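For reference, the structure is listed below as structure tokens.
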Amino acid sequence: MTVTISRVLVTGGAGFIGSAVCRHLTRRGYGVVNVDKLTYAGNLQSLKDIAGHPAYTFIKADICDEAAMLEAMTAHGVDAVMHLAAESHVDRSIDGPAAFVETNVVGTFRLLGATLSYYRSLPPERRAGFRFHHISTDEVFGDLPFDEGVFTEETPYAPSSPYSASKAASDHFVRAWHATFGLPVVLSNCSNNYGPFHFPEKLIPLVILNALEEKPLPIYGQGRNVRDWLFVEDHASALELVLTRGRPGESYNIGGRAERTNLDVVETICDILDRKRPRAGGGKYRELIQFVADRPGHDRRYAIDAGKAERELGWRPATTFDNGLERTIDWYLENGWWWRPLRDERYAGQRLGGGLSVERTNPATPAGA
């Protein structure tokens, strides 16, 4: 069943994935109401291309403010909510888990309250097509062995970090609001995203920018941890299909079928930069790689079986990892206007994730994912 949706409220639309969703939906002809608190990782410059579009509206607000969320939905008469607002960096959750509980758990709870009130105010014919789409992560499933297994929609939850635990809790609240109160929800759990406009604390942009600035490229442990990589624009197209074609109460795993070790990713970035932006001194970027102590609770491997989304929604990733990584590196080489202020003012590459009481001895941020 495909539902007709005209206007969508997107929470966290100034973040990395959220901004990609806002750009995608606006280009696809939807009305978009972007609600974002604009924390350190929120950046309206990521929405520069659609800022003046007549179908796009930005509201600065906190998802923990239930009244503000209800007012936004009511004032704009939305047909759906896509919930992407979240604290999302594992290392930051190790240093300060309270913010993750407040935003990811309490914020989702408040947003669900506002959405349920709004949903109940709609006439029956509009309720039939309304959707609350909760966007989550594969990290809720925990740790996989290096050489076997994949995450499916039936995989039991086993979060390892404060971040993944907070997202697991929010997933459970969303399902409870469907089972208990009849709110028509759909959920999706994605693998590691990458692409343009990615905040530079994350693996791929961090390595690109550190390399360009001739800084060390620290890697946790031996770099053997494996992640499945998904180009952010492919993810945005999948999320539209989950929203409009997904069955209420169901969840869909979205992945790129592109498993790579962290070391493989870093070395590939180095090799591409050797071609596109050779080092001034004539050396190779791989010479900047440094192996450092692992972070606490570092999951070995994530791997997603996206078969359900492929069968039921007709979605497949359009971008290979090699092509997407090259496009991403090109974007960072060409768009210093976007990332330089972030490096100067918000995040310069300092190490995170030492833990609440762990003394940090290495100031560089390891390239872990």
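The values are calculated or read from the model by the stated rules, or taken from the named source; none is laboratory data. Please read all numbers here as calculations on a predicted model, not as lab measurements. Here the Cβ positions follow ideal geometry from the backbone for every residue, glycine too, while neighbour counts run over all protein chains shown.
The table below lists the values:
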read-out: Tally, over the range 184-212, of residues that are over 21 Å from ARG316 (Cα atoms) and either without any contact (Cβ under 8 Å) to a residue 12 or more places away in the chain or among the aromatic types (Phe, Trp, Tyr) (or both); value: 2
read-out: Evaluation of VAL10 against (1) in contact (Cβ under 8 Å) with a residue 24 or more places away in the chain; (2) out of contact with any Cys (no Cβ under 6 Å at 6 or more places or on another chain) (one fails), failing number; value: (2)
read-out: 2 or more residues at pLDDT below 95: qualifying helices (runs of 4 or more DSSP H) within the range 268-369; value: 336-345
read-out: Hits in the range 2-30 (condition: touching a Gly at 6+ places or on another chain (Cβ under 9 Å) and over 28 Å from GLU345 (Cα atoms)); value: VAL3, THR4, ILE5, SER6, ARG7, VAL8, LEU25
read-out: Residues of the range 134-183 satisfying the condition of being under 14 Å from SER251 (Cβ atoms), outside any helix (DSSP H, G or I), in contact (Cβ under 8 Å) with a residue 40 or more places away in the chain and out of contact with any His (no Cβ under 7 Å at 6 or more places or on another chain); value: SER136, THR137, PHE151, THR152, GLU153
read-out: Selection within the range 224-261 - part of a helix (DSSP H, G or I) and out of contact with any strand residue (DSSP E or B) (no Cβ under 6 Å at 6 or more places or on another chain); value: GLU233, ASP234, ALA236, SER237, LEU239, GLU240, LEU241, THR244, ARG245
read-out: Of residues in the range 292-333 being surrounded by fewer than 15 Cβ atoms within 10 Å (Cβ to Cβ) and among the acidic types (Asp, Glu), the one nearest to ARG245 (Cα to Cα); value: ASP322
read-out: Residue match in the range 28-39 (condition: assigned to a strand (DSSP E or B), over 22 Å from PRO184 (Cβ atoms), touching a strand residue (DSSP E or B) at 6+ places or on another chain (Cβ under 6 Å) and of a type outside the set (S, T, N, Q)); value: no
read-out: Residue in the range 47-68 that is under 24 Å from ARG343 (Cα atoms), under 20 Å from the mean Cα position of the chain (by Cα), crowded, with 16+ Cβ neighbours inside 10 Å and of a type in the set (D, E, K, R) present; value: no
read-out: Top-ranked residue of the range 163-187 - restricted to ones that are closer than 20 Å to THR115 by Cβ and of a type in the set (Phe, Trp, Tyr), ranked as surrounded by the most Cβ atoms within 10 Å (Cβ to Cβ); value: TRP177
read-out: Unique match (being more than 30 Å from TRP337 (Cβ to Cβ) and modelled with pLDDT of 95 or more) among TRP229, TRP177; value: TRP177
read-out: Selection from the range 15-38 of residues that are in contact (Cβ under 8 Å) with a residue 40 or more places away in the chain and of a type outside the set (D, E, K, R); value: GLY15, PHE16, ILE17, GLY18, SER19, ALA20, VAL21, HIS24, LEU25, GLY31, VAL33, VAL35
read-out: Among the candidates SER160, SER93, residue that is surrounded by fewer than 21 Cβ atoms within 10 Å (Cβ to Cβ), among the hydroxyl-bearing types (Ser, Thr, Tyr), at pLDDT below 95 and within 19 Å of the chain's Cα centre (by Cα); value: SER160
